[in-house]
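To keep things clear, I will list the structure first and then write my remarks on it.
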Amino acid sequence: MYDVIIIGSGPAGLAAAIYAKRACMDMLALEKNYMSGGQVLNTYEVDNYPGLKGMNGFDLGMKLREHADALGAEFVTAEVKEIRRQGKACSAVQPIDFDEGAAVHAAEIGEEVREDKETEGFCVVTDKQIYETKTVIIASGAQHRKLGIPGEEAFAGRGVSYCATCDGAFFRDKVTAVVGGGDVAVEDAIFLARGCRKVYVVHRRDELRAAKSLQEKLLSMPNVEMVWDSVAEEIQGEQTVSGLAVRNVKTGEEQVLEVDGVFIAVGIQPNSETYQGLVEMDRSGYICADETGRTNVPGIFAAGDIRTKALRQIVTAASDGANAVFAAEQYLNER
């Protein structure tokens, strides 16, 4: 049985792995993808991580992983299907074959559950194997909702961004567009307008959904132009973004906005579906956890973008990972 299993290998999960090894905890990190780093891998340049100004996002992800590897952290590539609070121990040695796409439930574990001893802790069921652990740190992250239009994937990190506070500084004195009409979109547009020459705000309706105070501030800014009743159709460019094609949903009229960057703010979706019913979540699906990472389930902690928090950045994710390990240590010491 492990002291802690960390689910996810973005900045929060990698920081947790580093801190767990430094605390001499018997740990395992489970990562769904074959490469550690999470969303930071898709960031062309990171300019706001302290001490590493202008670092390539891929390089930052690799450095975090190298640090964890140097300390002897154990990583396994597997997709978590279920976490079960257990009264009985689970087999952690026999691989399990699951039908592709099949849901995994306790009843399907069958002979893999040992009935010979009582224990506290959790069973982490993956698509390959079952693992036992005393504590769990969920650091599965979140993902930005995408528009699904041509050019979005091709120019990700090369003019397409989902975080104005992360990447806005790269577009100082340039022209940008923000797609969306909620609080985040308007906040992003206000943030960008302070440094950009011009900011277009593309919204599919004729009024914003953001708070009135934010709307008033945005609409009072002289370098902001609203593109009402319009949807983004294509992001254009060669090496980097040069234009955003939009279509008016009422008239059908099409136009291309000449922009250097496109900021997409149509929502964020936490990767928390697997944990529905296990821990408390807010209405948006974020796991309810404080700065220590503690959830409403003793022994389960949440770190990084998946937890309820005001600011989702690389530096706050790394901080979450450290805090969650510290809280897990305290939990174990109190047992």
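The values are calculated or read from the model by the stated rules, or taken from the named source; none is laboratory data. From a predicted model like this one, the values you see are computed outputs, not experimental measurements. Because the Cβ atoms are built from the backbone with ideal geometry, glycine has one as well, and the counts that use them run over all protein chains shown.
Would you mind finding the one in V125, V136, V186, V178 that is closer than 30 Å to G299 by Cα, crowded, with 18+ Cβ neighbours inside 10 Å, in contact with a helix residue (DSSP H, G or I) (Cβ under 8 Å, 6 or more places away or on another chain) and at pLDDT 90 or above? Show your work before the answer.
Numbers: V136 fails: in contact with a helix residue (DSSP H, G or I) (Cβ under 8 Å, 6 or more places away or on another chain); V186 fails: closer than 30 Å to G299 by Cα; V178 fails: closer than 30 Å to G299 by Cα.
Selected residue: V125, the only one of V125, V136, V186, V178 that is closer than 30 Å to G299 by Cα, crowded, with 18+ Cβ neighbours inside 10 Å, in contact with a helix residue (DSSP H, G or I) (Cβ under 8 Å, 6 or more places away or on another chain) and at pLDDT 90 or above.
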In this structure, is G321 under 30 Å from L52 (Cα atoms) and in contact with a Phe, Trp or Tyr (Cβ under 7 Å, 6 or more places away or on another chain)? yes
Considering only residues that are among the polar types (S, T, N, Q), at pLDDT 75 or above and not in a strand (DSSP E or B), which ones fall in segment 75-94? Q86
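Tell me whether segment 271-290 contains one or more residues that are in contact with an Asp or Glu (Cβ under 8 Å, 6 or more places away or on another chain), touching a residue at least 24 places away in the same chain (Cβ under 8 Å), in the same structural domain as V124 (by TED's automatic domain parsing) and not small (G, A, S).
yes
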For segment 1-57, which positions are part of a loop (DSSP other than H, G, I, E, B), of a type outside the set (A, V, I, L, M) and at pLDDT 85 or above? G8, S9, G10, C24, D26, K32, S36, Y49, P50, G51
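Residues of segment 221-241 being over 12 Å from V186 (Cβ atoms) and either without any contact (Cβ under 8 Å) to a residue 24 or more places away in the chain or assigned to a loop (DSSP other than H, G, I, E, B) (or both), which ones?
At the first step, the residues of segment 221-241 found to be over 12 Å from V186 (Cβ atoms) are 222-223, 225, 227-241.
P222, N223, W228, D229, E238, Q239, T240, listed by residue number.
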Criterion (at negative phi and surrounded by fewer than 17 Cβ atoms within 10 Å (Cβ to Cβ)) met by exactly one of V241, V262, V315: V315
